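The values are calculated or read from the model by the stated rules, or taken from the named source; none is laboratory data. Quick caveat: nothing in here was measured; it's all calculated off a predicted structure. Glycine gets a Cβ as well: all are built from the backbone with ideal geometry, and neighbour counts include every protein chain shown.
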Amino acid sequence: YNFFPRKLKWSKTNLTYRIMNYTSDLRRAEVDRAFKKAFKVWSDVTPLNFTRIRSGVADIMISFGTREHGDFYPFDGPSGLLAHAFPPGPDYGGDAHFDDDEAWSDDSRGYNLFLVAAHEFGHSLGLEHSRDPGALMFPIYTYTGKTGFVLPDDDVQGIQELYGAGDKDPNPKHPKTPEKCDPDLSLDAVTELRGEMLVFKDRFFWRLHPQMVEAELVLLKSFWPELPNKIDAAYENPVKDLVYMFKGKKVWALNGYDIVEDFPKKIYEMGFPKEMKRIDAAVHIKDTGKTLFFTGNKYWSYDEEADVMDAGYPRLIEDEFAGIGDRVDAVYQRNDYLYFFNGPLQFEYSIWSRRIVRVLHTNSLFWC
Amino acid sequence: IPIPLEDSHEFTEKDLQFAERYLRTHYDLRPNPAGVMKKSVNTMASKLREMQEFFGLEVTGKLDDETYELMRKPRCGVPDVGE
């Protein structure tokens, strides 16, 4: 998280706000509700209180405008700049302006007014942009889904450094952004995608370019808004140029950014038993054209060419991959090796000699 | 427009103007008096590096596809750095 220069903040905890005008995209009551909910995001975790006034000058004056709207920081038409706000202070200080050339919504269409307002009010209270891609104060808009919004930990740390903690946090478990060098790092899924490696953890994935050491951390929904916030397994079929992602009983096929028509499907349509609840890990073996699926202590083999589950499965993981434990979080293939992830460890398995040749830390994937 | 580019770039004049405006809005790029082209290239490169570093991109100081694609994403109008 970051602060404005001179760590600008309000010297009082009781602040007022006034809604000066409305967008025509939403009913007034929906706008009122979005702003009220956005202020509650911050009052829940600090001693701050927000009171709406309907006349006179409030600390935080909220308005909708387009292009040049009176503060010499013009908006730019649809998309691009969505809104801006001023750090705490007199006059313009704390004010928030929303670009009315945007399509404002209370769901995933256009731009969600509540999410943008919660971000802008963070500025009105003294937070600058955060570099944490999971933070509300990250500068780029991502619709984080319709399930209840919980302020990320990075934002809580920042605002509480300015105003201290409140005494009524209804959601004390604030989502943290994973650290790639955390010695206890465990993973949800790993897949290749057109030569890059994608490493999934919670609502994020790291993009690992073959030539780069630094992994780029990205919100899953910033790439694939329709996907859930966390996945169980993923693999790439390079022949079809498709990546398959699994969550619970569902599977999505992705061609780059696009979800293939007719997906998501149910995993039993691939030949898994109907009672199968989820897949833990998956990997496509280029040489054999088979894809291995791991669930619990068993694994299946799927023939991509024939699009059918191979006979004689499931088998026990321990029978073929002795020593990797009876659970797999994620798996990927690199050259003649399979890398099985189980909690903070990864097992390097030689396909050729059919045995484990090395045990590594999971975070060694990121050169930690 | 003095923006350092990869040789293989395919940016149009309009793209470059967009990128310059983006750096001015969010990274406090100062418009240079005409004729001071050399210095402004360095300024542009340093602002591009600041942005790439902020977003965890590969820090090259050059406008590449990844950097430009990120510039196009909808965002807040408040600068990412400085006053």
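Looking at segment A:198-215, which of its residues are within 30 Å of A:Asp287 (Cβ to Cβ) and within 17 Å of the chain's Cα centre (by Cα)?
Within segment A:198-215, A:Leu198, A:Val199, A:Phe200, A:Lys201, A:Phe205, A:Trp206, A:Arg207, A:Leu208, A:Ala215 qualify.
Which condition does A:Asp241 not pass, out of (1) farther than 26 Å from A:Trp352 by Cβ; (2) under 21 Å from the mean Cα position of the chain (by Cα), if it passes all the others?
(2)
Tally the residues that are surrounded by 19 or more Cβ atoms within 10 Å (Cβ to Cβ) and within 18 Å of A:Ile279 (Cα to Cα), restricting the search to segment A:334-368.
The qualifying residues number 5.
Residues of segment A:3-46 being loosely packed, with under 15 Cβ neighbours inside 10 Å and within 14 Å of another protein chain (Cβ to nearest Cβ), which ones?
A:Pro5, A:Arg6, A:Lys7
Anything in segment A:209-227 that is in contact (Cβ under 8 Å) with a residue 60 or more places away in the chain and either facing chain B (nearest Cβ under 8 Å) or surrounded by 12 or more Cβ atoms within 10 Å (Cβ to Cβ) (or both)? List them, or say none.
Within segment A:209-227, the first condition is being in contact (Cβ under 8 Å) with a residue 60 or more places away in the chain, and the residues that meet it are A:213, A:215, A:217-219, A:221-222, A:225.
Correct list: A:Ala215, A:Leu217, A:Val218, A:Leu219, A:Lys221, A:Ser222, A:Pro225.
Taking only segment A:296-331 into account, find how many residues are on the phi < 0 side of the Ramachandran plot and free of Cβ contacts under 8 Å to residues at least 40 places away in the same chain.
25
Here is a yes/no grid of residues against (1) touching a Phe, Trp or Tyr at 6+ places or on another chain (Cβ under 9 Å); (2) without any contact (Cβ under 8 Å) to a residue 60 or more places away in the chain; (3) at the interface with chain B (Cβ under 10 Å from one of its Cβ atoms):
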{"residue": "A:Asp106", "(1), (2), (3)": "yes, no, no"}
{"residue": "A:His119", "(1), (2), (3)": "yes, yes, yes"}
{"residue": "A:Glu128", "(1), (2), (3)": "yes, no, yes"}
{"residue": "A:Pro139", "(1), (2), (3)": "yes, yes, yes"}
{"residue": "A:Lys146", "(1), (2), (3)": "no, yes, no"}
{"residue": "A:Val150", "(1), (2), (3)": "no, yes, no"}
{"residue": "A:Ala165", "(1), (2), (3)": "no, no, no"}
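Do any strands (runs of 3 or more DSSP E) lying entirely in segment A:201-263 carry at least 2 residues that are closer than 27 Å to A:Tyr302 by Cα and in contact with a helix residue (DSSP H, G or I) (Cβ under 6 Å, 6 or more places away or on another chain), and which ones are they?
It comes to none.
Within segment A:268-284, work out how many residues are at pLDDT below 95 and under 27 Å from A:Gly195 (Cβ atoms).
1
Quick check on my filter: what residues within segment A:97-116 are acidic (Asp, Glu) and in contact with a Lys or Arg (Cβ under 7 Å, 6 or more places away or on another chain)?
A:Asp107
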